[in-house]
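Beneath this line is the structure, given in structure tokens, with notes to follow.
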Amino acid sequence: DRQIQLSWQAADNAESYILFWSNTLPLEPAGANRIAVTGTRFVHENLDNGQDYHYVIVSLGADAESAPGTVFSVTLPPDTPVLTAEAGDVSIRLSWDAVTGVDTYWLYWSTTLPVVQDDSRRFEIAATDPLSVNHDGLNNGEAYHYLILAVNKGGESPPGLATAVPMSMQEQIGRASG
């Protein structure tokens, strides 16, 4: 899983800080998670990919606690989608499992490796669409390589990869029986 590295300006007379965080807004310190921090840096670890994280900082001095600062938010990129490629006759059916926190899937293809992220060879699929696509009009016997990325406002996932070789119905029947 991922982490978020946080840093902020030191407050006058601050001896330590309380970092309040939540996955939902509005962020109210009374109902949020709390982390005591002695410096002006903190690494928030073991977080879930594809999630929103909202933070607010309160400084603690010898005699006083500051009002909560401005809420700031970070969205982590999604997990890697698991891509499956099923060869057919002059086509390949591609499918993948849903990934949390995705806005769009980008699916690139190529007949050579590595798969280059070229917009002219990209399918763009909204997260609300079915999690599959048919790539038709292909050449039987030729390998097609695919790379999928899950994308949200936090960035892109690591790539999921798959390869398939379309073949005629006769070849498919021959392989199935032989």
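A few notes on this one:
- Test: residue in region 156-178 that is open to solvent by less than 30 Å² (accessible area, probe 1.4 Å), under 30 Å from residue 72 (Cα atoms) and among the aliphatic types (A, V, I, L, M): no
- Residue match in region 127-138 (condition: among the β-branched types (Val, Ile, Thr), touching a residue at least 12 places away in the same chain (Cβ under 8 Å) and open to solvent by less than 20 Å² (accessible area, probe 1.4 Å)): no
- Selection from region 44-90 of residues that are open to solvent by 60 Å² or more (accessible area, probe 1.4 Å), within 27 Å of residue 156 (Cβ to Cβ) and assigned to a strand (DSSP E or B): 45, 46, 72, 73, 84, 86
- Among the residues of region 18-63, those that are touching a residue at least 40 places away in the same chain (Cβ under 8 Å) and small (Gly, Ala, Ser) comprise 50, 59, 61, 62.
- Tally, over region 17-32, of residues that are part of a strand (DSSP E or B) and either out of contact with any strand residue (DSSP E or B) (no Cβ under 6 Å at 6 or more places or on another chain) or within 30 Å of residue 149 (Cβ to Cβ) (or both): 2
- Against the conditions (1) open to solvent by 40 Å² or more (accessible area, probe 1.4 Å); (2) assigned to a loop (DSSP other than H, G, I, E, B), residue 14 satisfies every one except (1).
The values are calculated or read from the model by the stated rules, or taken from the named source; none is laboratory data. Small disclaimer: the values here were computed from a predicted structure and weren't measured. Cβ sites come from the backbone with ideal geometry, for glycine too, and all protein chains shown count toward neighbours. To get the accessible areas, we keep the full protein, side chains included, count just its heavy atoms, and leave off ligands, DNA and RNA. Shrake-Rupley method; radii C 1.70, N 1.55, O 1.52, S 1.80 Å.
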